[in-house]
Ligand SMILES: [Zn+2]
């Protein structure tokens, strides 16, 4: 279990209401129920009528199993088959829908996330299968929405280390370890969404380019007095600077406490749920963490269904 986190932002009451595994399994007891859900969500709200592209009109569809055991719905007027998983992350997967749904349930039912190793244990699948599902869900369903942040936006950067190899590092090893430190830029709307980006450098274009790409020019920026933010000031509606280098952390509503608190949680989460996050997967880890934060007011059931809706798009 990840350590309890005292920096955790206050959550909406609804998020404490439980969505137990029993309730989840009652809703999705088998592959057929999962498929039916995709069919209704993607094609047929009443489960029977859908738009047939070949007939170019609304027709009655009947469920039908192919010889390979693959389920599809067939247009009763022209015989066209519709596969509810087409174009989703479940298409062409040999893993059952029930396991996919269960993996999504597990990934949304813990506060700090779950590792592929934990999925392997909970689902009773091979590690490779667990990792593939985990990675697909994370990179395809929890990816950033690409909508720029607006309003009052706090921006800050932090260094993320890989795990040191052991407690007794030589000076050289310690230096190499510091060199591998990666900078992460965090941008958060006060009371709203967060975006995280791995950046090559905390200076110049890598930093300012990431801000421009993720924060709307109408926004009011809140940053510390790090020089790399200064050139951005004239491109934004406002820029409030808190003078950290002079030891000032809050001046009225000028502070970067939201993003700093977020970074604190992020680092605790990284220590808890994952043994180490390699650089290769860091951005997708950050996206998953941001996704969770951006759905923080959802209860567990709503969070699972938000992920499911993303999968059913
Ligand atoms: Zn038809």
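Just so you know, all these numbers are worked out from the coordinates, no wet-lab data involved. Please read these numbers as outputs of a predicted model, since none were measured by experiment. As a convention, Cβ positions derive from the backbone with ideal geometry for all residues, glycine included, and neighbour counts pool all protein chains shown.
Quick check on segment 152-277: of the DSSP beta bridges with both residues there, what percent are antiparallel, nearest 5%? Kindly include the intermediate steps, with their values, before the conclusion.
Working: 15 of 23 bridges.
The answer is about 65 percent antiparallel.
For segment 152-277, what does the relative contact order come out to in percent, with C-alpha contacts under 8 Å and a separation of six or more?
25 percent
Working out 0.36 nm times the residue gap between residue 280 and residue 168, then minus their Cα-Cα distance, what length gain in nm do you get to one decimal?
Contour length minus the Cα-Cα distance gives 37.8 nm.
If one computes P(r) from the Cα atoms of segment 167-312, what percent of pairs lie at distances over 26 Å?
35 percent
Counting only C-alpha contacts under 8 Å and six or more residues apart, can you give the relative contact order of the chain as a whole percent? All intermediate terms of the calculation are to be shown ahead of the outcome.
Working: 446 pairs, mean separation 71.0, N = 313.
Across the chain, relative contact order equals 23 percent.
GNM, the chain, Cα, under 10 Å: largest mean-square fluctuation among 211, 160, 125?
Maximum fluctuation in the GNM of the chain, among the listed residues, is at 125.
To make sure I understand, if each residue's beta carbon is the centre and we count other beta carbons within 10 Å, what order do 226, 73 fall in, fewest to most?
Least to most surrounded, the residues fall as 226, 73.
In the chain, what % of DSSP beta bridges are antiparallel (nearest 5)?
75 percent
Could you grab the relative contact order for segment 204-313? Cα pairs under 8 Å, six or more apart, rounded to a whole percent.
Values: 69 pairs, mean separation 17.4, N = 110.
Relative contact order of segment 204-313: 16 percent.
Once you put a point 7 Å from the Cα of residue 121 and another 7 Å from the Cα of residue 200, both along the Cβ direction, what distance in nm separates them?
Those two pseudo-labels are separated by 4.0 nm.
Run the helix sum for the chain: -39,500 (n - 2.57) per DSSP H stretch of 4+ residues, divided by residue count, reported at 222 nm to the nearest 500 deg cm²/dmol.
-11000 deg cm²/dmol
Mind giving me the nanometre distance, one decimal, between the label points for residue 245 and residue 128, set 7 Å out from Cα along Cα→Cβ?
5.3 nm
Can you give the Rg to Rh ratio of the chain, both from alpha-carbon atoms, with Rh computed by the Kirkwood formula?
Taking Rg over the Kirkwood Rh, I get 1.04.
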